[in-house]
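Down below is the structure, laid out as structure tokens.
The values are calculated or read from the model by the stated rules, or taken from the named source; none is laboratory data. Please read all numbers here as calculations on a predicted model, not as lab measurements. Every residue, glycine as well, gets a Cβ built from its backbone with ideal geometry; the counts of neighbours run over all protein chains shown. To get the accessible areas, we keep the full protein, side chains included, count just its heavy atoms, and leave off ligands, DNA and RNA. Shrake-Rupley method; radii C 1.70, N 1.55, O 1.52, S 1.80 Å.
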Amino acid sequence: MSRCILPLLLLVCSAVAGPAGARTLTAKIAAIDTAVAALEGVEVRLEWPADADTGQLSVRARRMAAVDLGYRFEHVSWRCPLRRNGTDGWRCDGEVRSGRNEPMRLSLDLAVATTDAVLSNRDGSKFALHRNAAAPDITRLDLTRIPAAWAQALVSQMWDAANLTSGSLDGRLAIHAPETGPLRVEGPLMVSRLGLDTPDGSIAAEGLTGRFAIDYRRFPQASLIAVDGELQGGEILVGNGYLALPATPIALSVAASQQGSGGWRLPQILWDDVDALRIEGSLAFSPELSLTDADLRLRSPDIAPLRSRYLSGWLGLFGLTELQMSGALSAQARMEGGRLLTAEAELADVSLRDAQDRFRFEGLNGAPRYSAGAPVDSELSWRGGDLLGLPFGAARFPLRSSDGAIGFSRDVAVPMLGGELRFDDLTLHPSAGERGMAFDFGLSLNKLDIGRLAQALDWPPFKGELSGRIPRVRYADDRLDFDGVLTAHIFDGTVQVSGLAMERPFGTAPTLSADIAIDDLNLESLTGVFGFGEITGALDGHIKDLRLVDWHPETFDADLRSDPSWKGRQRISQRAVQDLSSVGGGEGLGSSLQAQALKLFDDFGYRRIGIRCRLAQEVCEMDGLRSAGAGFIIVEGAGIPRLSVVGFNHRVDWPTLVERLIAVTQGESKPVFE
């Protein structure tokens, strides 16, 4: 622009240099084209009073566009006092406006050989331009605390979805704009607390700070960019991934190219967070920024910092944001056309511990390998750990991968609770496209010691063994389903669990559902373990439609009854009568004299016992053997003295019922007799 206006201004100045009064000169220019910008509808007006040292210059443009840089302005106006600067130059400094934008200040120094312009605002941000006639194709820019938003148009040329929201830029850039050849922008650039986001919210950044050397070139059908430098803190969100970068420097080097409207290819990337993670390789993206190709190698000499810096977003999907990690890891992966082809990792003494003590794995070692094609074999091992407080021993896992799946090449036994868990035919399918991770396997439980199980889970001191066979365990769509029946031999009877399933097993608020069948449990042993009053006989029953949310009961239908086929004596102690009455919400129907008389007996005969609870919305619908007027029979007496327990509260608040159960096991229930 200066090469066109400067001769015009010189002509004007010579015209006003002669005698006589005030002079006014006006020029209208249809269009001005330069290597950097083009102007349309230009009007220049100069008013120079007689015998004055300065004149008033007014420049207006209907439209101004720097197409290659992505900038367009409408209705630009600049008004300033024009004066000589030395013997062969001119200077003008005044307010510039564009549409409804906040006015800024433009200072322009025009000389025969050079042009200098400074654009600034009230906050001290400064954008300085320098051109030299000796190098007409180069424009130099000095940036001082420039708001990142000023670079929005240039960034949009490379990434149209990016929206710069905060931060500032400092640097010295050179713009090469020859008559023929590519536009080129190069030089050092410092970014301070940069923020950005995308319209769909899938990518965002906040507080990014760093120093870089950039080299951007734009050809008619291609764009190239190279960035070398270091990041010094900030946060980045990409999909489910969240990066919290440390203040210590992270070396970053990226070379990228784009052909036409195609996707970006990154043939060279380097990310070096020295004490935590080094990544190098290449990437390619579709025009929609979906990852299509990758060839990456990574190494972490200490994985402990990875959780907080790089993995918290993904771990949060499984409720593991506070996972404790240690050990070393290296890995590599290759993807083509959006499909993972190969991957392998090497683990060196890796340990993982859940902050909520749901699991712990110690001493993971090995080099598992994944293949989308031909079979590959590998191995993984651990020294031990625990799951939900249940310890397990050392094990080795022979692996085989082919056709996009990885699994055990033979059955594997894991020592646990004096017995073993045996896994067979385990197959895992990693996430691919819209499909999430899925796996399935067969599971056998062989003679697990229920006493050890009870001790680990802080249960009453149960005794017995847990065995069973689950033909198939399947995980897909964040749901775990178990086929078959799991059987526990306990209290001389059996407990069978069927229809077992879990939703969000690795996430927040996991949900468990199951049906439980109870057969021939020895009531004397059972009541003794729970601190209940003594009852002899056998117990049958079921707990149907059990549903736990975050391990707390939400719904179930429980019906427990004495076994009518029991051949031995059926007796219930006075303490047990008290406890059943308390749990069932019974009320005394006899006089205090009768109650005192009943206390003379240690136990009583009974014909049947039955109690039912249907839980929904934290209310338990109570019932018993049969109706008894306004109540229901819990214990039907037999013999002399004849004693029955009757409940009258058909609807009991679930937390209240739990309090009653705790109270009776601690000997705090009150006697209620009929």
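Tabulated data for the structure shown
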read-out	value
Unmet requirement for Met502, which otherwise passes all of (1) in contact (Cβ under 8 Å) with a residue 24 or more places away in the chain; (2) touching a strand residue (DSSP E or B) at 6+ places or on another chain (Cβ under 6 Å)	(1)
Meets criteria (farther than 21 Å from Val274 by Cβ and assigned to a strand (DSSP E or B)) for Ile225	yes
Test for Val36: is it closer than 28 Å to His176 by Cα, modelled with pLDDT of 75 or more and surrounded by 16 or more Cβ atoms within 10 Å (Cβ to Cβ)	no
The range 423-460, subset of a type in the set (Ser, Thr, Tyr) and part of a strand (DSSP E or B), residue surrounded by the most Cβ atoms within 10 Å (Cβ to Cβ)	Ser444
First in the range 391-405 and open to solvent by 70 Å² or more (accessible area, probe 1.4 Å), second anywhere and assigned to a strand (DSSP E or B), Cβ under 7 Å, 6 or more apart	Arg396/Glu379; Arg396/Ser381; Arg400/Asp377; Arg400/Gly407
Checklist (1) farther than 30 Å from Leu352 by Cα; (2) in contact with a Leu (Cβ under 9 Å, 6 or more places away or on another chain); (3) open to solvent by less than 30 Å² (accessible area, probe 1.4 Å); (4) of a type in the set (S, T, N, Q) applied to Ser223, failing item	(2)
Given (1) surrounded by fewer than 16 Cβ atoms within 10 Å (Cβ to Cβ); (2) modelled with pLDDT under 95, number of the condition Ala367 does not satisfy	(2)
Failed condition for Ser120, given (1) within 19 Å of Leu173 (Cα to Cα); (2) of a type outside the set (Lys, Arg); (3) open to solvent by 40 Å² or more (accessible area, probe 1.4 Å); (4) out of contact with any Asp or Glu (no Cβ under 7 Å at 6 or more places or on another chain)	(3)
Any chance Gly327 is open to solvent by less than 30 Å² (accessible area, probe 1.4 Å), in contact (Cβ under 8 Å) with a residue 24 or more places away in the chain and part of a strand (DSSP E or B)	yes
Pairs where the first residue, in the range 40-62, is surrounded by 14 or more Cβ atoms within 10 Å (Cβ to Cβ) and the second is polar (S, T, N, Q), C-beta under 6 Å, 6+ apart	Arg45/Thr26; Arg45/Ser58; Glu47/Thr24; Glu47/Gln56; Arg60/Ser77
Residue satisfying all of: in the range 505-535; under 18 Å from Arg660 (Cα atoms) and over 46 Å from the mean Cα position of the chain (by Cα); most open to solvent (accessible area, probe 1.4 Å) among these	Glu534
Restricting the range 302-324 to residues that are hydroxyl-bearing (Ser, Thr, Tyr) and touching a residue at least 60 places away in the same chain (Cβ under 8 Å), the residue that is farthest from Ala284 (Cα to Cα)	Ser308
Among residues of the range 274-302, those that are under 21 Å from the mean Cα position of the chain (by Cα), at pLDDT below 95 and in a strand (DSSP E or B), counted	1
Those residues of the range 583-620 which are modelled with pLDDT of 65 or more and over 18 Å from Ala638 (Cα atoms), in sequence order	Val583, Arg612, Cys613, Arg614, Leu615, Ala616, Gln617, Glu618, Val619, Cys620
Identity of the residue in the range 625-645, open to solvent by 10 Å² or more (accessible area, probe 1.4 Å) and among the hydrophobic types (A, V, I, L, M, F, W, C), that ends up farthest from Arg569 (Cα to Cα)	Ala630
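Residue-by-condition table, conditions (1) assigned to a helix (DSSP H, G or I); (2) touching a residue at least 24 places away in the same chain (Cβ under 8 Å); (3) touching an Asp or Glu at 6+ places or on another chain (Cβ under 9 Å):
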residue: Gly533; (1), (2), (3): no, yes, yes
residue: Asp540; (1), (2), (3): no, no, yes
residue: Leu546; (1), (2), (3): no, yes, yes
residue: Glu554; (1), (2), (3): no, yes, yes
residue: Asp557; (1), (2), (3): no, yes, yes
residue: Gly568; (1), (2), (3): no, yes, no
residue: Ile572; (1), (2), (3): no, yes, yes
residue: Arg575; (1), (2), (3): yes, yes, yes
residue: Gln578; (1), (2), (3): yes, yes, no
